[in-house]
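Below: the structure, in structure tokens.
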Amino acid sequence: MQTLISNDAKGPSSGFRQMMNVMHAVILRDIRSRFFNHGLGFLIVPLLPLAHVGLLLTIYHVTNREVVFGDDLQLFFATGLAPALGFNYLSRFMSVSLQANKGMTAFPVVRVLDIMLARAFLEFMGMNLAIFVLLIALTISGSDIFPRDPAAALQAYAVTMTMGVGVGIIISVFAAIWPLAALFWALFIVVLYLASDGPIYLHAFPGSVLQAASWNPVFHAVQWVRSAYYPGYPTEYLDKTYLISWAFASVAVGLLLERLLKRQILRG
């Protein structure tokens, strides 16, 4: 560990190399400490959202849920669950990044931001792997996984993950000072998840429900992804600018809070 984060680099790129070394050390520590003290434990990261999606799709099949758009029940719900769970898992596990790695700040070269970015990278790669395996499973089952508008689907996913990182930084900062913040966030994202249109098709409810749900940025992520798959999908409540604003504002606020509250974080 000490070798990985040593501060003996020279030259103009030494700062970047040092940051990469620190992030590498944090990622290795995260993997080993969270998953059976072995690098292969990283494979559990994508299994959690995959198990979540698999359980819900099984429930939908057993209860004979009707296909609202298209002729593929599992693809319809997967297009809603993927962005909703991507945001939830990324922000949720980032929220405890500083709490889990507070001891590493004893090394002078380890910055608070490096710890959060390392966890963000780890969870982002885990979600990418989970979605990749999900797409393979859908393909094997006969689903046509290619969206009508691939660019829109990728844009929606990128913006959603950016928002997950930004919100994750914000909650991680607060949780490092007030540990209960991570618990409160874990409970609150259940509300965001249920109101996202992913697990429950909200367009079957009155307009007042949709109006209330439209305050939830994750709702717009689901709308954006599904509209990329299904022509005629109702988008009267979709506001891409709202979601993009949430994504970049959360990153900016998170980085600002990290700067302003660094001393409190290290004392927390």
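The values are calculated or read from the model by the stated rules, or taken from the named source; none is laboratory data. These numbers come from a predicted model, not from an experiment. Cβ atoms come from the backbone with ideal geometry, glycine included; neighbour counts cover every protein chain shown. Just so you know, the surface numbers come from the protein's heavy atoms only, side chains and all, with ligands and any DNA or RNA stripped out. Shrake-Rupley method; radii C 1.70, N 1.55, O 1.52, S 1.80 Å.
Summary of values
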quantity: From the options Thr235, Thr241, residue that is in a helix (DSSP H, G or I) and without any contact (Cβ under 8 Å) to a residue 60 or more places away in the chain; calculated: Thr241
quantity: Positions within segment 199-222 being open to solvent by 30 Å² or more (accessible area, probe 1.4 Å), closer than 19 Å to Lys240 by Cβ and in a helix (DSSP H, G or I), in sequence order; calculated: His203, Gln211
quantity: Hey, Tyr193 within 20 Å of Phe132 (Cα to Cα), touching a residue at least 40 places away in the same chain (Cβ under 8 Å) and among the hydroxyl-bearing types (Ser, Thr, Tyr) or not; calculated: no
quantity: Val225 open to solvent by less than 60 Å² (accessible area, probe 1.4 Å) and part of a helix (DSSP H, G or I); calculated: yes
quantity: Members of segment 42-96 found to be charged (D, E, K, R) and out of contact with any Gly (no Cβ under 9 Å at 6 or more places or on another chain), listed by number; calculated: Arg65, Glu66, Asp71
quantity: Subset of segment 90-130 that is β-branched (Val, Ile, Thr) and part of a loop (DSSP other than H, G, I, E, B) - its residue that is surrounded by the fewest Cβ atoms within 10 Å (Cβ to Cβ); calculated: Val109
quantity: Leu187 vs. criteria touching a residue at least 60 places away in the same chain (Cβ under 8 Å) and under 27 Å from Leu117 (Cβ atoms); calculated: no
quantity: Residue count, segment 152-185 (criterion: crowded, with 16+ Cβ neighbours inside 10 Å and either of a type in the set (Gly, Ala, Ser) or closer than 17 Å to Leu238 by Cα (or both)); calculated: 16
quantity: Leu255 vs. criteria part of a helix (DSSP H, G or I) and surrounded by 14 or more Cβ atoms within 10 Å (Cβ to Cβ); calculated: yes
quantity: Phe87 being within 13 Å of the chain's Cα centre (by Cα), of a type in the set (A, V, I, L, M, F, W, C), open to solvent by 10 Å² or more (accessible area, probe 1.4 Å) and closer than 24 Å to Phe184 by Cβ; calculated: no
quantity: Hey, His24 at pLDDT 70 or above and open to solvent by 60 Å² or more (accessible area, probe 1.4 Å) or not; calculated: yes
quantity: Segment 138-151, residues that are part of a helix (DSSP H, G or I) and either more than 22 Å from the chain's Cα centre (by Cα) or surrounded by 17 or more Cβ atoms within 10 Å (Cβ to Cβ) (or both); calculated: Leu138, Thr139, Ile140
quantity: Search result, residues across segment 258-268 that are of a type in the set (A, V, I, L, M), assigned to a helix (DSSP H, G or I) and open to solvent by less than 40 Å² (accessible area, probe 1.4 Å); calculated: Ile265
quantity: Residue that is farther than 29 Å from Leu98 by Cβ and in contact (Cβ under 8 Å) with a residue 12 or more places away in the chain, where the choices are Pro199, Pro206, Pro179, Pro217; calculated: Pro199
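Every residue, every condition in (1) farther than 21 Å from Val222 by Cα; (2) exposed (fewer than 15 other Cβ atoms within 10 Å of the Cβ); (3) of a type outside the set (S, T, N, Q); (4) modelled with pLDDT of 75 or more, yes or no:
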| residue | (1), (2), (3), (4) |
| --- | --- |
| Gln2 | yes, yes, no, no |
| Pro12 | yes, yes, yes, no |
| Gln18 | yes, no, no, yes |
| Arg34 | yes, no, yes, no |
| Leu56 | no, no, yes, yes |
| Val67 | no, yes, yes, no |
| Asp72 | no, no, yes, yes |
| Phe77 | no, no, yes, yes |
